[in-house]
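Worksheet: the structure to be examined is printed underneath.
Quick note: the coordinates plus some simple rules give every number you see, no bench work behind them. Values in this document were obtained by computation on a predicted structure and should not be read as measured data. When we count neighbours, we look across all protein chains shown, and the Cβ atoms used for this are built from the backbone with ideal geometry, even at glycine.
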Amino acid sequence: MLRHRDLRPRKMDLALLSTRIFTGEPGRPWAEAVGVEQGKVKIVGNNQEVRVLCTPRTEVWELPGRLVVPGLIDGHAHFCFFGQHLSMVDLKGLTSLEQCRERIRIAVSQALPGEWVVGRGWDQHKWREKREPTRKDLDDLAPRNPLMMIRADGHTLWVNGLALQAAGITRHAPDPPIGKIERDPKSGEPSGILREAVGLFRKYLPKTTKEDWKKAALTAQAEALKVGLTGVHSCEMLPQYEALAELDREGRLKIRVYHLLRPHEIEELLKKGVLPGSGTGRLWVGHMKLFADGSLGSGTALLHEPYVDDPSNRGLAVFPVEDLAEQIRLTYDWGGEVAIHAIGDRAVTHCLEAISKVRAERGMDGRAKRDRLEHVQLFRSEDLPGFGRLGVTASVQPVFMTTDWRLAEEKWGKNRCRRAYAWKTLLEAGVPLQFGSDAPFDQIAPIFGLQAAVTRMTPAGEPRGGWFPEEGLSLAQAITAFTTVPAWTAHRESELGTVSVGKRADFTVFEKDLFELPERDWPSTAVEMTIIDGAVVYRRGRGNGIQDH
């Protein structure tokens with residue numbers, strides 16, 4: 001039977017003209033204009049080539065002086081928790097214990113008796129006092145409220161006596177299997193500092209409902225779109241995934257979320273029919289998040305050699321190699337891949353050993369899986385071949401360097417730091433490099449990650465000349481780590497990651513051309529527009545010189 005085909009040219013929905021487009025395609029990295037039809041890129045070229053396909057119904061944006069890049073993707077964040085944390089007591093960036101106490105005091109004055117007050121972001125290394133706090137620094141502030149303050153890295157808790165009492169943590173309480181309860185050296189009583197021990201409190205905290213998580217996700221989404229993110233890899237769990245899935249069904253999820261889950265949830269996932277790759281264009285799954293160690297700031301990152309400031313300490317192994325291997329087996333049986341938290345150099349070694357062991361057991365070749373190591377803040381040169389042989393991606397957070405460089409030298413020593421946050425070395429060794437923020441534990445705006453990756457300095461220009469400046473990247477390399485690579489690790493490289501004909505029309509538009517702008521001005525450069533599937537989902541305020549016709 002013959003069927004009629006309409007061969008008339010389709011009408012373009014959106015055109016971006018008179019701008020500078022970094023496409024991300026090695027063979028054709030630059031363009032002047034792009035046209036979109038039904039949510040996908042129809043044409044990439046110059047103004048004349050795109051204009052000829054426009055009709056009176058095409059939404060046309062003239063964007064001189066702007067920079068358009070493929071939609072930026074945060075390769076490691078905690079999306080719903082980020083939204084939730086925005087409502088917590090904010091202790092980030094405070095420079096003294098007394099400033100923290102004052103902010104907590106205000107929050108307690110607004111709380112009901114018995115209500116938990118939770119804060120985030122404190123960092124004793126930034127305080128004038130240069131000491132770790134204790135429960136005594138909180139007890140007088142809240143005689144009727146349990147307090148829990150989460151350190152900037154998320155790995156250490158600072159709590160008051162009522163919180164310890166609520167969780168039944170006394171001098172006789174044993175340390176958790178993979179954490180530590182710090183104790184007063186004289187009395188043996190819990191000091192109020194607990195490392196890798198949030199699980200001890202989870203069931204005593206107020207229950208977060210699905211509606212709470214949905215609200216938090218929408219809060220996070222608004223912030224993410226504002227800073228130019230079109231996608232995020234979110235390291236959370238099943239309750240957050242289910243809240244996001246409901247928002248997706250309701251049509252309220254605009255940003256793309258690649259959701260990482262936990263191995264202990266696999267049985268429940270199978271019951272619900274959730275398999276790797278399942279989901280929608282807005283929300284899907286595939287990786288499992290595992291843990292190999294703690295953090296730098298808490299002194300629990302796992303090292304081959306002792307900490308310089310504490311020679312008795314080599315950090316904390318959350319799981320030994322064989323336990324990691326078993327979790328990898330469970331993940332592979334599910335059909336997925338692993339993303340393993342590994343900050344210290346020994347943790348990196350353990351992860352590569354565990355992945356290699358399981359791959360060898362199953363006769364897998366080096367490129368059979370798109371496994372990732374998260375953070376990779378310190379590594380040994382002798383482990384670089386293991387990355388290449390196994391095809392493992394380094395999923396790192398460049399913004400960490402700007403907050404950690406002094407602390408890293410204090411705790412690891414400057415000589416060892418030659419292989420700390422060493423992104424250029426990883427890239428030149430052929431290791432796929434993916435960038436993220438780890439929000440809420442650092443700034444979600446990718447502009448700060450781009451600036452750190454290229455300059456190796458803080459936005460204030462410290463250290464002068466850059467910290468190990470030879471590890472700095474080009475801006476094109478940094479953008480690729482926020483676009484092409486996270487699209488690939490999430491198995492969406494055919495749809496996302498570059499401005500290419502046939503791919504999804506996801507774009508981030510900066511108000512100025514970063515390639516022409518001094519790096520010191522990048523942090524103050526705003527996002528002009530965020531576009532997903534050809535729809536403008538965020539636009540900076542009117543009166544900014546954009547012409548729309």
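Taking the Cα centre of the chain as origin and assigning +1 to Lys and Arg Cβ atoms and -1 to Asp and Glu Cβ atoms, the resulting dipole is close to 880 debye.
Listed by chain and number, the lysines whose alpha-carbon sits under 18 Å from that of Lys186, ignoring those within fewer than 8 places in the same chain, are Lys136. Oblate is the label for the range 114-163, because the ratio a/c of its alpha-carbon gyration tensor axes (a ≥ b ≥ c) is 1.5 or higher and a/b is not greater than b/c.
Shown in residue order for the range 51-60 are the 3J(HN,Hα) couplings computed by the Karplus curve 6.51 cos²θ - 1.76 cosθ + 1.60 at θ = phi - 60°: 4, 5, 9, 7, 10, x, 8, 6, 7, 10 Hz (x for Gly and Pro). Neighbours of Ala31, meaning other residues whose beta-carbon lies under 11 angstrom from its beta-carbon, give a summed charge of -1 when Lys and Arg score +1 and Asp and Glu score -1. Compute the long axis of helix 97-109 from its Cα atoms, compare it with the longest principal axis of the Cα atoms of the chain, and write down the angle in degrees, 0 to 90, nearest 10. Between the helix axis and the principal axis of the chain, the angle is about 80 degrees. For the range 220-227, the Karplus equation 6.51 cos²θ - 1.76 cosθ + 1.60, evaluated at θ = phi - 60°, returns couplings of 5, 4, 4, 5, 5, 5, 5, 9 Hz by residue, with Gly and Pro reported as x. The listed peptides 44-52, 484-492, 371-379, ordered by packing as a protection proxy, come out as 371-379, 484-492, 44-52 (highest mean of other Cβ atoms within 10 Å first). Once the piece of chain linking Asp175 and Arg202 is laid out straight, how much longer is it, given 0.36 nm per residue of separation minus the C-alpha distance between them? Extra length from Asp175 to Arg202 when fully extended: 8.2 nm.
DSSP beta bridges fully contained in the chain are about 45 percent antiparallel. Restricting the count to DSSP beta bridges whose residues both fall in the range 88-204, what percent are antiparallel, rounded to a multiple of 5? Around 55 percent of the beta bridges assigned by DSSP in the range 88-204 are antiparallel ones. Among the trypsin sites (Lys or Arg not before Pro) within the range 422-477, those in coil by DSSP and having at most 15 neighbouring Cβ atoms inside 10 Å are Arg464. Each DSSP beta bridge with both residues in the range 296-407 is either parallel or antiparallel, and the antiparallel ones are about 10%. Here the contact order of the chain, divided by its residue count and restricted to Cα pairs under 8 Å and six or more residues apart, works out to 18 percent.
For Glu268, the shell of other residues with beta-carbons less than 14 Å away shows a net charge of 0, using +1 for Lys and Arg and -1 for Asp and Glu. Its relative contact order, with pairs defined as Cα atoms under 8 Å and 6+ residues apart, puts the range 418-549 at 19 percent.
By how many degrees, between 0 and 90 and to the nearest 10, does the Cα long axis of helix 446-455 differ from the longest principal axis of the chain? For 446-455 against the chain, the angle is about 80 degrees.
Treating cross-link reach as a plain straight distance, find the lysines whose alpha-carbon is under 21 Å from the alpha-carbon of Lys207, omitting any fewer than eight places away in the same chain. Cα-Cα hits under 21 Å: Lys215. Contact order, relative form, for the range 88-204: 22 percent (alpha carbon pairs under 8 Å, 6 or more residues apart, mean separation divided by residue count). Per-residue ellipticity at 222 nm from helix content only, as computed over the chain with -39500 (n - 2.57) for each DSSP H run of at least four residues, stands at -8000 deg cm²/dmol. Coupling constants for the range 233-245 follow from the phi torsions by the Karplus curve (6.51 cos²θ - 1.76 cosθ + 1.60, θ = phi - 60°), and in residue order they are 9, 9, 8, 9, 9, 4, x, 6, 4, 5, 5, 5, 4 Hz; glycine and proline get x. Straight-line reach from Lys414: taking Cα to Cα under 29 Å and skipping same-chain neighbours fewer than 8 places apart, the lysines in range are Lys92, Lys126, Lys130, Lys180, Lys424. Put simply, the amide H of Gly344, placed in the peptide plane, has neighbours under 5 Å in Leu302, leaving out anything fewer than 5 places away on its chain. Sorting the segments 359-368, 129-138 by their mean number of nearby beta carbons within 10 angstrom, highest to lowest, gives 129-138, 359-368. Mind pulling the angle between the C-alpha long axis of helix 321-334 and the longest principal axis of the chain? Nearest 10 degrees, somewhere in 0 to 90. Around 40 degrees separate the two axes. Between the amide H of Tyr538 and those of Thr530, distances stay under 5 Å, these residues lying 5 or more places away or on another chain, with hydrogens modeled in the peptide plane. Classify the range 442-549 as rounded, prolate or oblate from the Cα gyration tensor: take a ≥ b ≥ c as the square roots of its eigenvalues, call it rounded if a/c is under 1.5, otherwise prolate when a/b beats b/c and oblate if not. Since a/c reaches 1.5 but b/c is at least a/b, the shape of the range 442-549 is classed as oblate.
Would you give the gap between the C-alpha center of the range 31-77 and the C-alpha center of the range 444-523, rounded to a whole Å? Here the two parts' Cα centres lie 19 Å apart.
Restricting the trypsin sites (Lys or Arg not before Pro) of the range 146-249 to loop positions (DSSP other than H, G, I, E, B) with no more than 15 neighbouring Cβ atoms within 10 Å leaves Arg171, Lys186, Lys207.
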